[in-house]
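The values are calculated or read from the model by the stated rules, or taken from the named source; none is laboratory data. Since this is a predicted model, take the numbers as computed values, not measurements. Please note: Cβ atoms are built from the backbone with ideal geometry, for glycine as well, and neighbour counts cover all protein chains shown.
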Ligand SMILES: N[C@@H](CCC(=O)N[C@@H](CS)C(=O)NCC(=O)O)C(=O)O
C-alpha cells in the first residue's frame, strides 16, 4: 500500500492527501511531527534526505516533492487526471501549481522564516510574519489576476474538475487564513476554495478532519466544512 509521511497541518502534505483521495487510492500515513522537529532527526533524514514532509513511497517509487508525486499518480494510475486537458491547459495547470509551490510556499516554511530569518538573520516575530504575509499576498494576487485574464468561467482554476493547481491553492489559502491575510481582494480564489470544500474527497483531506490533529485545533476552513 502507498505510504505517506505526513503532518496534518503541513500544506504540501495536505496537497497529497487531496490528490490521493481524488485518485481514489488507499494509503497509510506515518506522522512526522514538524512541531517537535521530527523531520530534522537523523533517522528521518535517512528516509528523506530533504528533511521535509511529505515523503511518498509506492513500492520502489520514493519521492520527496509533492508536484512530482502528482505527476507520478497521473502516469501510474487511472483517471481522474490531476493534470488534464490539452497541451495549453496542462501547461497552465503546471504554471499555477508552480506559482504556489515555488513562488509562495517555501517563503512561509519554518525552515525559512523561523530557522533562517529569525534564527540566523535575527528578525523578530513581527518581521517574520510580515515576510510571510508579503509573499502570500503577492502570490495570491498574481493567481487571481491570472484567472481574471482567462475569459472562461470555470468552477476550478483551469476547468470544471479539480486539478493540481487547485490542489496547491487550497492549502495555501488555509495558510493565508492562519496568518489572517485579507482574502477579500481574491473573489475567484474564494469561490474555488468553496467549490473544493464542497467535495467529500477534499473535506476528508483537511487538517480539521485529520486523525492526528489535536482535538482543540482551530477550525480554519470554518463554516465551509
Ligand atoms: N517542495 C516540497 C516542499 C516540502 C516542504 O517544504 N514541506 C514543509 C511542510 S509543508 C516542511 O516539511 N517544512 C519543514 C520546515 O520548514 O522546517 C514539496 O512540494 O513537497
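Looking at the stretch 107-119, is at least one residue farther than 20 Å from residue 168 by Cα, away from the ligand (no atom under 16 Å from the Cβ), assigned by TED's automatic domain parsing to the domain that holds residue 177 and assigned to a helix (DSSP H, G or I)? Looking through the stretch 107-119, none of the residues is farther than 20 Å from residue 168 by Cα, away from the ligand (no atom under 16 Å from the Cβ), assigned by TED's automatic domain parsing to the domain that holds residue 177 and assigned to a helix (DSSP H, G or I).
Could we say that residue 152 is part of a helix (DSSP H, G or I), assigned by TED's automatic domain parsing to the domain that holds residue 95 and either over 19 Å from residue 203 (Cβ atoms) or touching a residue at least 12 places away in the same chain (Cβ under 8 Å) (or both) here? No, not satisfied. Could you list, in sequence order, all residues of the stretch 83-102 that are more than 12 Å from the ligand (Cβ to nearest atom) and assigned to a helix (DSSP H, G or I)? Selection gives 87, 88, 89, 90, 91, 92, 93, 94, 95, 96, 99. Among the numbered conditions (1) farther than 22 Å from residue 105 by Cβ; (2) buried (at least 17 other Cβ atoms within 10 Å of the Cβ), the only one that residue 12 does not meet is (1).
Between 88, 46, 81, which is buried (at least 18 other Cβ atoms within 10 Å of the Cβ) and at pLDDT 95 or above?
81
Comparison of 203, 194 shows that the only residue that is over 16 Å from residue 11 (Cβ atoms), away from the ligand (no atom under 16 Å from the Cβ), exposed (fewer than 13 other Cβ atoms within 10 Å of the Cβ) and touching a residue at least 12 places away in the same chain (Cβ under 8 Å) is 194. For residue 104, state whether it is in contact (Cβ under 8 Å) with a residue 40 or more places away in the chain and in the same structural domain as residue 147 (by TED's automatic domain parsing). It is true that residue 104 is in contact (Cβ under 8 Å) with a residue 40 or more places away in the chain and in the same structural domain as residue 147 (by TED's automatic domain parsing). Residue 54 falls short on exactly one of the conditions (1) surrounded by fewer than 19 Cβ atoms within 10 Å (Cβ to Cβ); (2) within 13 Å of the ligand (Cβ to nearest atom), and that condition is (1).
Residue-by-condition table, conditions (1) within 29 Å of residue 19 (Cα to Cα); (2) free of Cβ contacts under 8 Å to residues at least 40 places away in the same chain; (3) more than 17 Å from the chain's Cα centre (by Cα):
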residue	(1), (2), (3)
113	yes, yes, yes
125	no, yes, yes
130	no, yes, yes
134	yes, yes, yes
139	yes, no, no
143	yes, no, no
157	yes, no, no
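The test for being within 13 Å of the chain's Cα centre (by Cα), under 26 Å from residue 136 (Cβ atoms) and surrounded by 13 or more Cβ atoms within 10 Å (Cβ to Cβ) holds for residue 104.
If the condition is being near the ligand (Cβ under 9 Å from one of its atoms) and either more than 16 Å from residue 102 (Cβ to Cβ) or assigned to a helix (DSSP H, G or I) (or both), then the stretch 57-70 contributes 63, 66, 67, 68, 69.
Taking the criterion of being in a helix (DSSP H, G or I) and surrounded by fewer than 12 Cβ atoms within 10 Å (Cβ to Cβ), the residues of the stretch 207-225 that qualify are 222, 223.
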